[in-house]
1. Are there DSSP H segments in the chain that both extend 20 Å or more along their axis (alpha-carbon positions) and score a mean Kyte-Doolittle hydropathy of at least 0.0? List them, or say none.
2. Given a cut-off of 32 Å, name the pairs among Lys151/Lys369; Lys79/Lys333; Lys151/Lys333; Lys297/Lys468 whose C-alpha atoms lie farther apart than that in the structure shown.
3. For a quick check of understanding: with a 1.4 angstrom probe and all protein chains in place, what accessible area in square angstrom does Met294 have, to the nearest ten?
4. So what's the range 376-471 giving for Rg/Rh, alpha carbon basis, Kirkwood Rh from the mean inverse pair distance?
5. At 25 °C and 0.890 mPa s, what whole-number value in µm²/s does Stokes-Einstein give for the translational diffusion of the range 304-357, with Rh from the Kirkwood sum over Cα pairs?
6. Could you order Met324, Met204 by accessible surface area, starting with the largest, using a probe radius of 1.4 Å?
7. Can you sort His118, His224 by solvent-accessible area, 1.4 Å probe, largest first?
8. From the helices alone, meaning DSSP H stretches of at least four residues, give me the mean residue ellipticity at 222 nm for the chain, per-run term -39500 (n - 2.57), in deg cm²/dmol to the nearest 500.
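The values are calculated or read from the model by the stated rules, or taken from the named source; none is laboratory data. These numbers come from a predicted model, not from an experiment. With ideal geometry, Cβ positions are generated from the backbone for all residues, glycine too; neighbour counts draw on all protein chains shown. Heads up: the accessible areas ignore ligands, DNA and RNA and are worked out on the full protein's heavy atoms, side chains in. Shrake-Rupley method; radii C 1.70, N 1.55, O 1.52, S 1.80 Å.
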Amino acid sequence: MTDNASKTPAANGQGQAMWGGRFSAKPAELMQAINVSIGFDKRLWAQDLAGSRAHARMLISQGVIASSDGEEILEGLAKIEDELSTGTFPFRDEYEDIHMNIEARLRELIGPTAGRLHTARSRNDQVAVDFRLWVRDAADRSAAQLQALQKALLAQAETYADALMPGFTHLQPAQPVTFGHHLMAYVEMFGRDAGRFRDARARMNECPLGAAALAGSPFPIDRHQTAASLGFDRPTANSLDSVSSRDFALEALSAASITATHLSRLAEEIVLWTTPMFGFIKLTDAFTTGSSIMPQKKNPDAAELIRAKVGRILGSLTTLTVVMKGLPLAYSKDMQEDKVPTFEAFDALELSLLAMAGMIADLTPNTEKMAAAAGAGFSTATDLADWLVRELNMPFRDAHHVTGSAVKAAETKGVDLSDLSLGEFQAIEPRITDGVYAVLTPAASAASRMSYGGTAPAQVRAQIARWKEILA
């Protein structure tokens, strides 16, 4: 509890509570402690000023307030912006939130004229527009940061479009792929993530300002003007919905949670690939840390921390969902709990996206070790089955059985499929010829996958070119 907490809450410059006409006593200190939100919603100051300017200009143009009063208000808001930008603004707990802090300071600067700014406006639609503007900006930042990550992945994929590595299912060697192809899978995922943020932005881009407390305003306001001046496509169409909905934040948090899940999957692979058992990639000291007791350790802590962030981000989505699930229309103070989880989620997401882009640019693959592993676990077995289908016109299920027998023979001898002699192949299927050896190398396997979206280097380069054009 600060010293200010004992003062009359939300007092104006004359010592009266801004909402205090109905009340004869100040709230208890505990009420002040649970009610105040300036500690976190001060982050909305730029959005609050933008909304207030748009509202003031509309009031002037509609003749709701005199031009002289409106200009005085706008000049006062400019001074406040300078104070907020330079860190000299006097935040005070007794004014509860960012809206009343700014209004109180405006009254200190220009006097009673400041009170005209709140004509045809409520804190309900004020916070709704501020928060919507903030979430819209966060969605834009996330989409831009995702594109930066995609570009980092594209650069590595282009360099290593031919580099062989094992492709896995169940984390067991399955078929050879290329490192470029593997990275391009994440380019696709993050592309969909960016699309989800753009979709969410399009739906949230309606302006609630002018809905007032819940029922609209009797003043001749122009909501289309304020919507356009704040970059919205249109005003919201229902005043109750305007002040009581937070689905725009829920949708953005959902997109953030899916993005964080994709980041976590990539982070997990980086953790695996940097282990000596895999040894597929190396990270520099820039994205690793050491151990306080084991001098040999080089830990991929950045990847591990990114992997963990999905818990915080998904938790934020869950928090806001639970806050909103039982609320009747319209505004309830429960909705003050919408900001902290949303701020925390996007802070975590931004840090994760920037760190992942840095790690992707930083990593160096061990192409020799990846190529050696690409042939492990009889990874060309499917190529043998496909060869039997193509060359011997064998039904695939029969080819699958013959290949299984060949794998068993190689496993018994402790060799790869390509090390079986032609006689050993023919003992399983007499029609097999020495042409089979051409398909039993990891390089031949990867190069043969020329179907659209396949791992063949030519296909990988085609997808890289497509994405370069998209991101340009």
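1. 247-273, 301-324, 339-362
2. Lys151/Lys333; Lys297/Lys468
3. Only protein atoms counted, so the area is about 80 Å².
4. 1.10
5. Details: Rh = 12.1 Å.
Diffusion coefficient, whole number: 202 µm²/s.
6. On the way: Met324 35, Met204 0 Å².
Highest to lowest solvent-accessible surface, that is Met324, Met204.
7. His224, His118
8. Per the formula, -19500 deg cm²/dmol.
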